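None of the figures in this text is laboratory data; all of them are computed from the coordinates on show. None of these values were measured; they are calculated from a predicted model. Cβ: placed from backbone, ideal geometry, glycine included. Neighbour counts: every protein chain shown.
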Amino acid sequence: MEARIRDWLAGELATPNRALGRPGALCPFVRPCLRAGALKFRAIATPASPPLDLLLNAAIEAVLDFDGLDWAGAPARLHCLIEVFPDLDLEAARLLDEVHRKLKDDVVARGLMFAQFHPHGREPSARNPELNVGRGPMPVLVFSATCRPRHSVPRASRMLVRGIPSVVWPPLLEPVQLRSRARRCLSAGIHALPLRA
């Protein structure tokens, strides 16, 4: 799985696309991230068609864990965590769009870029609405430090925040409360596993 996703990252996201309307790779951060070894994978085992809350809590866990991961000295601005959901059926993979919609403003406010990709993904490019940048070979959620204030990337932040108010992750919940809620969901059937190629 990891090899398949790395091939997609290098072959699609890290390469130029004329339809993008600007020079350079579709995502300018992918190649430097791959070179620096700043990419982490986490496979999430789920039922084929899980409830939305399980996926929401997997995303919350990723954000809570992000800074505590062992990045092996890779530059902080390139840190990237990819959660892979190999067990989701194709229809359930669309739930990642809802996870993204509900959490993106809060995730970005906490200093991370947040994106979702899956085989049915439909996310128009900010520069060319005809270019679909949301399709990927497997259902994944991507968390990256490239939009943290000290490594500001305003364009990246604008692409992810489209003014939809967040509903699920109220700022009043402390990380301990979020982690506790996520653990309850983990005990209900979602598990973070190391990902092997």
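What the table shows:
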{"item": "Environment charge of LEU81, counting only residues whose C-beta is closer than 15 Å and scoring Lys/Arg +1, Asp/Glu -1", "result": "0"}
{"item": "Mean Cβ count within 10 Å, highest first, over the residues of peptides 4-12, 65-73", "result": "4-12, 65-73"}
{"item": "Calculated FRET value between THR15 and LEU64, using beta carbons and R₀ = 45 Å, to 0.05", "result": "0.85"}
{"item": "Separation in nanometres of the label points that stand 7 Å from Cα toward Cβ, at ARG135 and MET1", "result": "2.3 nm"}
{"item": "Estimated FRET transfer efficiency (ASP53, ALA76; beta-carbon r; R0 25 Å; 0.05)", "result": "0.20"}
